[in-house]
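Data block below; observations after.
The values are calculated or read from the model by the stated rules, or taken from the named source; none is laboratory data. Remember, it's a predicted structure, so these values are computed and weren't measured experimentally. Positions of Cβ are generated from backbone atoms using ideal geometry, with glycine treated the same way; all protein chains shown enter the neighbour counts.
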Amino acid sequence: MTASRQHALRARTALALRRFNAWWEGYAFNAALEAAEIERRLAGAFQPSVDVPQLIWGRDRDEPGDPAWTMRHARALGLGARSRVMIFGAGGGAVLRDARAGARWQVSGLARSVRRVRGLDLKSYDETLGALDRQSADGALVFFELHRDGDPGAFARYCAEFLKPGAPVAVIDYALARADARARAVFDGPLPGAPRLASDYVRILRECGFSTSDVADETRLFLPLVSRGWTNWRRAYEAARAVADARARAEAMRYLAAYADAWADRFEALKAGTLAVTRILARRL
């Protein structure tokens, strides 16, 4: 099968799964919007030969983080060992490893695109659309996902389907620090979402089957994680330069430049106080 036919088949399959999920969940299905998002995500699936995020943020990480950061939010759930916990926005799988080692949970992870990591239960969202394991999780962590989605309410309802009634949830995400702030430009990319005010996230969660109990500004603790990763940009640059194939090397360098530019703007917005990292504690109703 040619690459173009494989691409078309994957797009049709993903669209069919989303149509089924819309029917099952009982919400309106916009075929044109869904098809456009699928195309954006499939276009993003062709990654350059250098895994830039992992070189910068660390093994199996797509965002700044470390075990202490993961466990700070894990402890906020108040769950005991052997609890079954879903992690949305699991990225390359490092947060699963952090939570499993630190809290001794049974963890499963979901992300928009995934690397297969031996020993970790990590799937893409599209893989679960036709086979949700409903109301089986004791709790959840949601890392940097609501701001990515053009319809964060639909994503919140999707998360709720996995959780037992009363299950605790910690939602960690980028938020506008004030009503007149603008941060869409520092999140340019294939996904249609943008950061909102923390109060908007709270309202969305409450409208989608959650109660909320606490909102905390985590920016001060997040900034050192970004600074630490910033020291690894040279390593990513050297890896891109070392790619043997000229075309692949050029693609890797372009990707690195765009990634660095976006993160430089994001870092400045966080330091300037126009963008924040917020944690919302909630429960499934």
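In region 262-285, what count of residues is obtained for those that are surrounded by fewer than 17 Cβ atoms within 10 Å (Cβ to Cβ) and aliphatic (A, V, I, L, M)? Selection size over region 262-285: 4.
Residues checked against (1) out of contact with any Gly (no Cβ under 8 Å at 6 or more places or on another chain); (2) surrounded by 12 or more Cβ atoms within 10 Å (Cβ to Cβ); (3) assigned by TED's automatic domain parsing to the domain that holds A160; (4) at pLDDT below 95:
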{"site": "R184", "(1), (2), (3), (4)": "yes, no, yes, yes"}
{"site": "L205", "(1), (2), (3), (4)": "yes, yes, yes, no"}
{"site": "F210", "(1), (2), (3), (4)": "yes, yes, yes, no"}
{"site": "S213", "(1), (2), (3), (4)": "yes, no, yes, no"}
{"site": "D217", "(1), (2), (3), (4)": "yes, yes, yes, no"}
{"site": "D245", "(1), (2), (3), (4)": "yes, no, no, yes"}
{"site": "R249", "(1), (2), (3), (4)": "yes, yes, no, yes"}
{"site": "A257", "(1), (2), (3), (4)": "yes, yes, no, yes"}
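Considering every residue within region 54-74, establish whether at least one is in the same structural domain as V171 (by TED's automatic domain parsing), more than 23 Å from V215 (Cβ to Cβ), in a loop (DSSP other than H, G, I, E, B) and modelled with pLDDT under 90. Within region 54-74, not a single residue is in the same structural domain as V171 (by TED's automatic domain parsing), more than 23 Å from V215 (Cβ to Cβ), in a loop (DSSP other than H, G, I, E, B) and modelled with pLDDT under 90. Residue count for region 19-32 satisfying the condition of being at pLDDT 75 or above and either in contact with a Gly (Cβ under 7 Å, 6 or more places away or on another chain) or surrounded by 14 or more Cβ atoms within 10 Å (Cβ to Cβ) (or both): 2.
So, of the residues in region 186-203 that are modelled with pLDDT under 95 and among the small types (G, A, S), which turns out to be farthest from L77 (Cα to Cα)? Only one residue fits best here, namely G189.
The residues of region 75-88 include none that are crowded, with 23+ Cβ neighbours inside 10 Å and part of a loop (DSSP other than H, G, I, E, B). Out of all the residues in region 262-272, is one or more closer than 21 Å to T70 by Cα, assigned to a loop (DSSP other than H, G, I, E, B) and in contact with a Ser or Thr (Cβ under 7 Å, 6 or more places away or on another chain)? No: zero hits.
Please work out which residue is farthest from the chain's Cα centre (by Cα), limiting yourself to region 101-125 and to residues that are buried (at least 18 other Cβ atoms within 10 Å of the Cβ) and either charged (D, E, K, R) or within 17 Å of D51 (Cβ to Cβ) (or both). Give the derivation first.
First pass over region 101-125, keeping only residues buried (at least 18 other Cβ atoms within 10 Å of the Cβ): 103, 105, 107-112, 114, 120, 122, 125.
The next check asks that each one be either charged (D, E, K, R) or within 17 Å of D51 (Cβ to Cβ) (or both); those that pass are 111-112, 114, 120, 122.
On the way: A111: 6, R112: 7, V114: 10, L120: 17, L122: 13 Å.
Per the stated criteria, the residue is L120.
Close Cβ contacts (under 7 Å, 6 or more residues apart or on different chains) running from residues in region 102-129 that are at pLDDT below 90 to residues that are in a loop (DSSP other than H, G, I, E, B) and exposed (fewer than 15 other Cβ atoms within 10 Å of the Cβ) comprise S113/A45. Restricting region 231-243 to residues that are touching a residue at least 40 places away in the same chain (Cβ under 8 Å) and either among the aromatic types (F, W, Y) or part of a helix (DSSP H, G or I) (or both), the residue that is surrounded by the fewest Cβ atoms within 10 Å (Cβ to Cβ) is R235.
Being at pLDDT below 95, out of contact with any helix residue (DSSP H, G or I) (no Cβ under 9 Å at 6 or more places or on another chain) and of a type in the set (D, E, K, R) is a condition met by at least one residue of region 133-148. Each residue in region 126-136 was checked for being among the acidic types (D, E) and either closer than 15 Å to D200 by Cβ or outside any helix (DSSP H, G or I) (or both), and 1 of them qualify.
Pick from A258, A269, A262, A248: which is of a type in the set (G, A, S) and more than 20 Å from the chain's Cα centre (by Cα)? Criteria check complete, one pass: A248.
Hey, which of the strands (runs of 3 or more DSSP E) in region 137-227, taking only ones fully inside, have at least 3 residues that are among the β-branched types (V, I, T)? Talk me through it step by step, then tell me what you get.
Working: elements: 139-143, 168-176, 210-217.
Passing ranges, in order: 168-176.
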